[in-house]
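First comes the structure, then the notes that go with it.
The values are calculated or read from the model by the stated rules, or taken from the named source; none is laboratory data. Note that the coordinates shown come from a computational prediction; the quantities given were computed from them, not determined experimentally. Here the Cβ is made from the backbone with ideal geometry for all residues, glycine too, and neighbour counts use every protein chain on show.
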Amino acid sequence: MILMKKNLFHLHDIKFDIKTFQKKFRLSSVIVFLLFVLPLLSSCGTAFVASKQDDVLTQIDVWSAENKYGKAFATLDYVKTSHPQYAELQLRKKTLLIQATEYEHRIDQQIKQFIAENQWSQALDLMDQAKEKYPLANAENSDRMLAQTEKYLLTQQQKALSSIDQDIMLERSQWMIKTWPIYQEKLNTDPRNEVLKKQLDDLDKEAKILSQKLILLSQQAINKKHYKTAKIRINQAIALDPTQERQAILSQLKKVSEKSYSKKKKSQDISRKIQQNTLLQDIEKSYYAGDFLKTKQLISELDEDEQNDAQIIQLKQELQRSINYTVQQLSSKANTEYTNGQFHQAIELWEQVLIFDPENVMAKKNIIRAEKVIEKLSSIREKQQN
C-alpha cells in the first residue's frame, strides 16, 4: 500500500512536469513567432489586410501622400478582380506610377545637390528613406531611377574617398620626406636606442610603400601628359626610396617633357603669328577707313615685339598726325558754332574732341563756358516770361 502511494506520488510529479513543459513550449513558440515570423509577414500582411478592406482607394491615397509607394503597390497587387473598387484601383495605379516616377526624380535631384555640396550624410540618409518608402526589392528593379541614383551616389562617394585617401598619402609622403632626416640625426646621436631603431625600420618600410604609390601616380600623370605633376611625384618617390631605376625614369621624363614643351611652344608661336597677322590686317583696314580710334585700340593689342616693328612705329606716327588734324578740325568748327550762338552744337563738337584727345584742356574749359552761357540764357528767358 505504501509502495502504491509512492508510485502514485511519482506519477503525479510526472504529470506536473509534462504540464510545465507544455506551457514552456507554447511560450517559446509565441516568442519565435514574434521575433522571426511576424517581421517576415509584416509587409505583405499589411498589403493583404488593406486589400481586404472595402475602401482601399482611401488607404492608397494616404500612402501616396506620404510617398509610401512600396505599400501602395503591394496592396494593389493583392486586390482581386472581385473587389468592388478594382476598376478604380487599376486607374489609380497608372496615376500612382507617374507620382512614384516624379518622386524618384525629386530624390535624384536632391541627392545630387547634396553630393555637389559635399553633404554625404544627408545624401545617404535620404537614399535610405527613399528605399524604405519605395523599396528596391530585387535585381529586376535595377533599371529604376532610384536604383540608378543609389549607384551614382555610391560611385561618387567612392571617388571622393579615393581622392581623400590619395591626399592623405601625399601629405604623409611630404611629412616623411621632412621628418626622415630628423629621425636619422636622432639615431646618430643615440646609436644604442633600440626603440628608435625599430621606429626607423618601420618608417623605412612605409617609405618604400609610399614611394611605389607615388611612382604609380607619376605614371598616370605621364599617360595624361601632365609632365609637371609626373616630375613632382617621381622626385618625391626618389626622396623616399632612391633607386637607379627611378632616376632613369626621371631622366627619361625630362627628355619627354622638354620635347613636349618645345612642340607646344612652336604651336603657340605659330598660333600667335597668325593672330598678329590678322590683327595687322585689321589695323590697316580701320586706318584707311578713317576709324582712327579703332586703329589706336588695335595697335595697343599687338605684342611688344610687333609694336616695336619699324612699320608699326611709322603707322603710329601717321595715326597721331591724323588724330591731331581731326582734333584741330573739330575744335575750329566748335568755335565757329559757339560764335554763331549754336552753343549745344559747339558742346557736341568739343565732346568729340575729348574722344580723340581725352586730356584736351581747352575743350574741357570751352564746354564749361558754353554750359554756363546756356544756363544764363535760360534764366533770362524765364524772367522775361514771368
Residue hits (the stretch 171-194; touching a residue at least 12 places away in the same chain (Cβ under 8 Å) and over 18 Å from A237 (Cα atoms)) are Y183, Q184, L187
Among helices (runs of 4 or more DSSP H) entirely within the stretch 112-227, at least 2 residues that are closer than 24 Å to I249 by Cβ and touching a helix residue (DSSP H, G or I) at 6+ places or on another chain (Cβ under 7 Å) occur in 145-189, 194-223
Reported set for the stretch 297-313 where residues are touching a residue at least 24 places away in the same chain (Cβ under 8 Å) and not in a helix (DSSP H, G or I) is L302, D303
What do you reckon, is K316 over 58 Å from the mean Cα position of the chain (by Cα) and touching a residue at least 12 places away in the same chain (Cβ under 8 Å)?
no
From the option list S267, S257, single residue qualifying as farther than 30 Å from K208 by Cα and not basic (K, R) is S267
Note: among Y152, Y134, just one is surrounded by 18 or more Cβ atoms within 10 Å (Cβ to Cβ) and of a type in the set (S, T, Y), namely Y134
Within the stretch 220-271, restricting to residues that are basic (K, R) and surrounded by 14 or more Cβ atoms within 10 Å (Cβ to Cβ), the one that is modelled with the lowest pLDDT is R246
Matching residues in the stretch 248-296 (closer than 30 Å to V353 by Cβ, in a helix (DSSP H, G or I) and of a type in the set (A, V, I, L, M)) number 4
Selection from the stretch 84-97 of residues over 17 Å from A130 (Cβ atoms) and assigned to a helix (DSSP H, G or I) yields Y86, A87, E88, L89, Q90, L91, R92, K93, K94, T95
Filter the stretch 53-73 for residues that are surrounded by fewer than 17 Cβ atoms within 10 Å (Cβ to Cβ), without any contact (Cβ under 8 Å) to a residue 40 or more places away in the chain and not hydroxyl-bearing (S, T, Y); the one that is farthest from P84 (Cα to Cα) is A65
Residues of the stretch 315-342 being surrounded by fewer than 17 Cβ atoms within 10 Å (Cβ to Cβ) and over 25 Å from Y287 (Cβ atoms), in sequence order, are N335, T336, T339, N340, G341, Q342
Problem set entry | Yes/no for A139 being among the small types (G, A, S), closer than 30 Å to E104 by Cα, at pLDDT below 95 and surrounded by 12 or more Cβ atoms within 10 Å (Cβ to Cβ) | no
Tell me, please, whether a residue that is closer than 30 Å to Q275 by Cα and either of a type in the set (D, E) or in a helix (DSSP H, G or I) (or both) can be found in the stretch 356-367.
yes
